[in-house]
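Here's the structure we're looking at; comments come further down.
The values are calculated or read from the model by the stated rules, or taken from the named source; none is laboratory data. All values reported here derive from a predicted model rather than from experimental measurement. Ideal geometry is used to build each Cβ from the backbone, glycine not excepted, and the neighbour counts take in all protein chains shown.
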Amino acid sequence: MNQYWFRRRKGLFTRDLGWGYTPISWEGVALSFSAVLLFVGGAFYFDIDDGSTERVVPFLLFMAVVLVLFFLAAKKKSRD
């Protein structure tokens, strides 16, 4: 099944304001919600409240991996 999950935004200075991907199906909403849950869960897992760099750096790397995977999936499943 070749259904699009996201609609790609055109740019900051167009009628379609913003950059990024807008979910247009339930799969896109589920993927977006999952990314947010991973960010929040990662903050609790890495316990970044104390502010030590030994925990913040792995958390930032985790966030970078989640963002890259999200954008790769969104790019593959988006229409222009």
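Some points to look at:
- Of T22, T53, all but one fail to be of a type in the set (V, I, T), surrounded by 14 or more Cβ atoms within 10 Å (Cβ to Cβ) and modelled with pLDDT under 85; the exception is T22.
- Some residue of region 36-58 being hydroxyl-bearing (S, T, Y), under 19 Å from F6 (Cα atoms) and in a helix (DSSP H, G or I): no
- Residue satisfying condition, being on the phi < 0 side of the Ramachandran plot and in contact (Cβ under 8 Å) with a residue 24 or more places away in the chain, within set S52, S25, S34, S78: S78
- Residues that are in contact with a helix residue (DSSP H, G or I) (Cβ under 7 Å, 6 or more places away or on another chain) and either over 22 Å from Y21 (Cβ atoms) or of a type in the set (G, A, S) (or both), drawn from region 44-76: F46, D47, I48, R55, V56, P58, F59, A73
- Search result, residues across region 61-80 that are surrounded by 13 or more Cβ atoms within 10 Å (Cβ to Cβ) and farther than 20 Å from Y4 by Cα: F62, M63, V66
- Among (1) loosely packed, with under 12 Cβ neighbours inside 10 Å; (2) modelled with pLDDT under 85 - the single one L37 does not satisfy: (2)
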